[in-house]
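Contents: one structure, followed by commentary.
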Amino acid sequence: MENKLLETENLTIHFGGVRAVENVSFSVGEKEIVALIGPNGAGKTTVFNLLTGVYQPLSGAIRFKGERVENRKPNTITRMGIARTFQNLRLFQNMTVAENVMVGYTCRMRGGMLVAILRTGPFKKLEAAAEEKAHEWLSFVGLSARANELARNLAYGEQRRLEIARAMATGPNLLLLDEPTAGMNPAESESIMELIRGIRDLGAAVLLIEHDMRVVMGISGRIIVLDYGEKIAEGRPEEIQKNERVIEAYLGKKAAKG
Amino acid sequence: MLFQQLINGLTLGSIYALIALGYTLVYGILLLINFAHSEIFMMGAYFGVFSLMIFEKLHIFQGAPFMLVACALAASMICTGLLGVIVEFAAYRPLRNAPRLAPLISAIGVSIFLQNFMMIVVSPESKTFPDTIPLHVYKLGGTASISSLQVIIIVVSVALMAALHLFIKYTKMGKAMRATSQDAETAKLMGINVNMVISLTFFIGAALGGAAGVLNGMYYGSVKYNMGFIPGIKAFTAAVLGGIGDVRGAMIGGFVLGILESLGAGYVSSAYKDVFAFVILILVLVFRPQGLLGRKISNKV
């Protein structure tokens with residue numbers, strides 16, 4: 001963990017009186033798979049929203065590749081190399097599967113508005129490159145056959161895969177996955193786990209929010225536990241499984257003691 | 001007579017369709033009815049007149065009427081496009097997070113401002129649109145005929161619409177526009193510069209409106225500071241008829257409205273021609289508020 005890709009320091013945000021995230025510090029190293037877990041309402045998705053610029057922190061710092069991330073716009077942060085998926089799917093429903101991925105690739109394309117309007121030589125090359133990239137990512141997640149369907153016609157599990165492909169097309173160094181296996185059966189979860197390992201092998205780090213403990217314990221190198229907006233534990237899977245505060249947060253005080 | 005009215009309707013319809021695209025593009029992305037768009041159309045007509053006057057002063061393109069019109073059209077589109085971007089920047093962007101009524105009122109303000117600006121600075125009288133294209137009338141069998149102006153209006157409009165369609169469907173910026181109109185928040189998180197997409201949308205919408213202004217000026221031979229009002233409202237009707245926010249809908253809505261209006265003028269009474277458009281608006285709003293191509297919109301939770 002010498003090379004810290006992402007580092008947060010005393011990250012804090014309040015909504016009215018609710019301390020959604022309070023003094024949370026953690027880091028993610030290069031090519032690391034880290035899980036962010038915690039009971040419902042612990043502030044996990046809020047952390048994602050802070051990391052991607054949807055919310056601005058009340059206080060604290062976020063550094064990505066050594067650069068500050070706070071007060072930057074979401075599209076700038078994506079360009080810096082943080083991509084994400086969503087807990088409740090947010091695909092561009094009325095675009096085709098391939099187009100969804102190409103939208104992700106848009107921010108990696110050079111050539112400004114003028115080039116696009118004038119349709120100059122490099123422009124056509126860029127469009128062709130975008131299409132090729134889109135197909136690469138679609139085959140990576142196993143959706144090549146459905147490239148020309150509208151996104152809304154995909155099955156639920158396929159839509160989740162498409163979100164991952166779209167996020168990967170933005171060329172991230174860090175991928176944030178918000179409950180990637182929610183609503184999936186064990187076989188489907190297994191294949192998503194394979195996919196996540198594949199992403200790591202391609203060189204990106206992954207930070208995932210997940211409720212399915214089989215998935216969490218199966219793929220993460222490190223686990224961070226949030227409860228009521230605060231970090232209550234951090235460690236390797238086997239350490240977290242035995243951690244009393246974690247058991248208490250999930251099952252209540254009595255269970256932890258008994 | 002039916003055939004003649006169809007030709008007139010097609011001409012009128014292509015102008016409505018071009019203007020309607022401006023309403024629908026902006027609505028698609030910001031959910032804002034840009035009431036200043038009818039004045040953008042008016043400004044386009046004036047920019048057309050001014051550029052023709054300048055070309056005449058400079059003695060360029062004088063022997064080549066088509067070149068002259070093409071350049072005046074291009075100049076006007078660029079000027080209106082930039083005007084559209086400025087209007088968005090000055091009047092709508094500061095209100096981006098305000099309640100939806102605020103930018104609507106701001107749009108009406110821009111509309112009143114532009115009208116009065118042109119009335120005071122240029123003239124409250126109508127101005128003659130310089131003659132450019134030699135007028136030929138082609139007989140089409142029977143009593144129907146089509147003029148060279150009508151041919152140009154229809155051809156230019158269809159070409160611009162085809163270009164827009166290709167742009168939206170196949171280019172990176174076109175995809176970014178569609179993505180933004182479907183879900184701006186997610187588009188941002190996918191690295192799209194939404195502010196730039198919005199500026200581009202205003203540029204394209206206004207440029208098309210400006211082109212419509214020039215064509216309209218050529219067709220009727222004059223321009224006036226308040227010429228935008230009626231065509232603007234009719235084009236808005238066309239956009240609603242097609243399903244506001246839907247690009248193909250605006251095109252189809254424009255043509256349908258133009259043709260219905262011409263048929264009404266020909267077969268019932270030309271005195272009532274404006275009435276048809278607004279009767280259609282009311283009927284659409286009552287019976288099919290989502291428009292011809294629009295899908296039922298369920299409110300986001």
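Here are a few things to note about the model shown:
- Among the candidates B:Ile244, B:Ile252, the residue that is in contact with a Ser or Thr (Cβ under 9 Å, 6 or more places away or on another chain) and touching a residue at least 24 places away in the same chain (Cβ under 8 Å) is uniquely B:Ile244.
- Qualifying position, being within 26 Å of B:Ala36 (Cα to Cα), within 10 Å of chain A (Cβ to nearest Cβ), open to solvent by less than 30 Å² (accessible area, probe 1.4 Å) and in a helix (DSSP H, G or I), among B:Ala206, B:Ala179: B:Ala179
- The residues in region A:36-61 that are away from chain B (no Cβ under 14 Å), within 16 Å of A:Phe86 (Cβ to Cβ) and either touching a Ser or Thr at 6+ places or on another chain (Cβ under 6 Å) or of a type in the set (Ser, Thr, Tyr) (or both) can be counted, and the count is 1.
- Number of the exception - B:Ile198 against (1) among the β-branched types (Val, Ile, Thr); (2) more than 14 Å from every other protein chain (Cβ to nearest Cβ); (3) part of a helix (DSSP H, G or I): (2)
- Region B:154-173, residues that are open to solvent by less than 20 Å² (accessible area, probe 1.4 Å) and within 8 Å of another protein chain (Cβ to nearest Cβ): B:Thr171, B:Met173
- Residue in region A:142-159 that is closer than 14 Å to B:Gly174 by Cβ and either modelled with pLDDT of 85 or more or away from chain B (no Cβ under 13 Å) (or both) present: no
- Yes/no for B:Leu149 being open to solvent by less than 30 Å² (accessible area, probe 1.4 Å), in a helix (DSSP H, G or I) and either in contact with an Asp or Glu (Cβ under 7 Å, 6 or more places away or on another chain) or more than 14 Å from chain A (Cβ to nearest Cβ) (or both): yes
- Residue-level check: of (1) in contact with a strand residue (DSSP E or B) (Cβ under 7 Å, 6 or more places away or on another chain); (2) not in a loop (DSSP other than H, G, I, E, B), B:Phe41 misses just (1).
- Conditions (1) under 12 Å from the mean Cα position of the chain (by Cα); (2) under 30 Å from A:Pro74 (Cβ atoms); number of the one not met by B:Val197: (1)
- Within region A:170-186, residues that are without any contact (Cβ under 8 Å) to a residue 60 or more places away in the chain have Cβ atoms under 8 Å from residues that are not in a helix (DSSP H, G or I) in these pairs: A:Thr181/A:Glu210; A:Thr181/A:Asp212, counting only partners at least 6 apart in sequence or on another chain.
- Residues within region A:64-80 that are in a loop (DSSP other than H, G, I, E, B) and open to solvent by 10 Å² or more (accessible area, probe 1.4 Å), tallied: 6
- Check on A:Ala61, assigned to a strand (DSSP E or B), open to solvent by less than 40 Å² (accessible area, probe 1.4 Å) and touching a helix residue (DSSP H, G or I) at 6+ places or on another chain (Cβ under 6 Å): no
- Being surrounded by 23 or more Cβ atoms within 10 Å (Cβ to Cβ), of a type outside the set (A, V, I, L, M) and either touching a Phe, Trp or Tyr at 6+ places or on another chain (Cβ under 6 Å) or away from chain A (no Cβ under 14 Å) (or both) is a description that applies to B:Phe236.
- Matching residues in region A:81-95 - criterion: being open to solvent by 30 Å² or more (accessible area, probe 1.4 Å) and either farther than 15 Å from A:Arg146 by Cα or more than 9 Å from chain B (Cβ to nearest Cβ) (or both): A:Gln87, A:Asn88, A:Leu89, A:Arg90
- Tally of residues being open to solvent by less than 10 Å² (accessible area, probe 1.4 Å) and outside any strand (DSSP E or B) across region A:17-42: 2
- Evaluation of B:Lys273 against (1) open to solvent by 10 Å² or more (accessible area, probe 1.4 Å); (2) free of Cβ contacts under 8 Å to residues at least 24 places away in the same chain; (3) within 25 Å of B:Leu30 (Cβ to Cβ); (4) of a type outside the set (Asp, Glu) (one fails), failing number: (3)
- Cβ separations smaller than 9 Å between residues 6+ apart or across chains give no pair from region B:157-181 residues that are within 15 Å of B:Ile19 (Cα to Cα) to residues that are not in a helix (DSSP H, G or I).
- For B:Ala144, the conditions (1) open to solvent by 10 Å² or more (accessible area, probe 1.4 Å); (2) aliphatic (A, V, I, L, M); (3) more than 9 Å from every other protein chain (Cβ to nearest Cβ) are fulfilled apart from (1).
The values are calculated or read from the model by the stated rules, or taken from the named source; none is laboratory data. Predicted, not measured: the structure shown is a model, and the values here were computed from it. Cβ atoms come from the backbone with ideal geometry, glycine included; neighbour counts cover every protein chain shown. SASA here: full protein model, heavy atoms, side chains in, ligands and nucleic acids out. Shrake-Rupley method; radii C 1.70, N 1.55, O 1.52, S 1.80 Å.
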